[in-house]
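Working notes, structure below.
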Amino acid sequence: MSHTSPIAYARLGAVLAEASMVSREKAADVVGRYHAHADEELAPHGAAGALEEFGVAVSVHGDDVDSLREGYADLLARAAEVVGGGMTVTGVRLVEGEGPVADGRRDRVEFACDGRHVSVRAEHFADDYFDHMAAHAAVALTAQPPDPRSWRSVDFPRDRHHTYDTVLVLATAEQAAALSALPGLVVR
């Protein structure tokens, strides 16, 4: 199905409901919160970010954060909330590697996912910026079989020299295709 109309909260809500990513009631609730602007066109990066408002995505902040330790813990808690079903993430910690961060310090993000200890390698070049690939790898561990959904990156056109959040959406292959039919979005 091709969606040629511009992306707006109302259109995004309809696509998410059609793809069974949210209930029609949830879509209507979110669109209702933005009722004054529900039909205004969103830039593709704005539409990607709006997925978080519908409860189907998380974003990894592109600018500096107050604390990497707290940032990873918050990110994983939000991912667990999107996954739902009683999945828990506990004991999130950042284990710093040796050497100066300016040289690309090799760290580990460790946590328990439903009681199973996991560790994800991360490379940090500053104490206040996420390793986006490591963040995606850590978030990916929150979606486990038999859940048919997986965390997928939402891509959109980017301006040079502009910082964007990395948006990760929890979707099946069919749901990813439905979102990718929207102009300017590609879900990988």
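Leaving ligands, DNA and RNA out of it, work out the accessible area of His117 with a 1.4 Å probe and give it in Å² to the nearest 10.
120
Rounded to the nearest 10 degrees, what's the angle between the helix 9-18 long axis and the longest principal axis of the chain, both from Cα atoms, 0 to 90?
90
Dipole of segment 1-106 (Lys/Arg Cβ +1, Asp/Glu Cβ -1, origin at the Cα centre): which of Tyr72, Ala43, Gly91 lies farthest to the positive side?
Of the candidates, Gly91 comes out farthest on the positive side.
With θ set to phi - 60°, apply the Karplus curve 6.51 cos²θ - 1.76 cosθ + 1.60 along segment 126-131 and write out the HN-Hα couplings as whole Hz, x wherever there is a Gly or Pro.
7, 7, 9, 10, 5, 8
Mind checking the dipole of segment 1-157: about its Cα centre, +1 per Lys or Arg Cβ, -1 per Asp or Glu Cβ, Debye to the nearest 20?
620
If you take the square roots of the eigenvalues of the alpha-carbon gyration tensor of segment 1-113 and sort them as a ≥ b ≥ c, do you get rounded (a/c under 1.5), prolate (a/b over b/c) or oblate?
prolate
Between Arg158 and Thr88, what is the label-to-label distance in nm when each label sits 7 Å out along the Cα-to-Cβ direction?
That separation, rounded to one decimal, is 3.6 nm.
Once ligands and nucleic acids are excluded and a 1.4 Å probe is used, how much of Ser119 is accessible, expressed in Å² to the nearest 10?
Per-residue accessible area (Ser119): approximately 60 Å².
Can you work out the PRE-style zone for Phe125? Point 7 Å along Cα to Cβ, and I want the residues of segment 90-105 with backbone N under 11 Å.
Within reach of a label on Phe125, which here means backbone N under 11 Å from a point 7 Å along Cα→Cβ, segment 90-105 contributes 102-105.
Take the alpha carbon atoms of segment 61-82, find their center, do the same for segment 116-152, and report the distance between the two centers in whole angstrom.
If we compute the Cα centre of each part, the gap is 11 Å.
Rounded, prolate or oblate, given the Cα gyration tensor of segment 72-188, with a/c below 1.5 counting as rounded?
oblate
Please give the calculated 222 nm ellipticity per residue for the chain, where each DSSP H segment of at least 4 residues contributes -39500 (n - 2.57) and the sum is spread over every residue; nearest 500 deg cm²/dmol?
Helices in the chain give a 222 nm mean residue ellipticity of -10000 deg cm²/dmol.
Residue by residue, what Karplus-based ³J(HN,Hα) values in Hz, rounded to whole numbers, does segment 102-114 have, using 6.51, -1.76 and 1.60 with θ = phi - 60° and x for Gly and Pro?
Once θ is set to phi - 60°, the couplings for segment 102-114 become 4, 8, x, 5, 8, 10, 9, 9, 10, 6, 10, 10, 6 Hz.
Percent of accessible area on the chain owned by carbon and sulfur, 1.4 Å probe?
The C+S portion of the solvent-accessible surface of the chain is 50 percent.
The values are calculated or read from the model by the stated rules, or taken from the named source; none is laboratory data. Every value quoted in this text rests on a predicted model; they were computed, and no experiment measured them. Note that we place each Cβ from the backbone using ideal geometry, even for glycine, and neighbour counts take in every protein chain shown. The accessibility values were calculated without ligands, DNA or RNA, using every heavy atom of the protein model including side chains. Shrake-Rupley method; radii C 1.70, N 1.55, O 1.52, S 1.80 Å.
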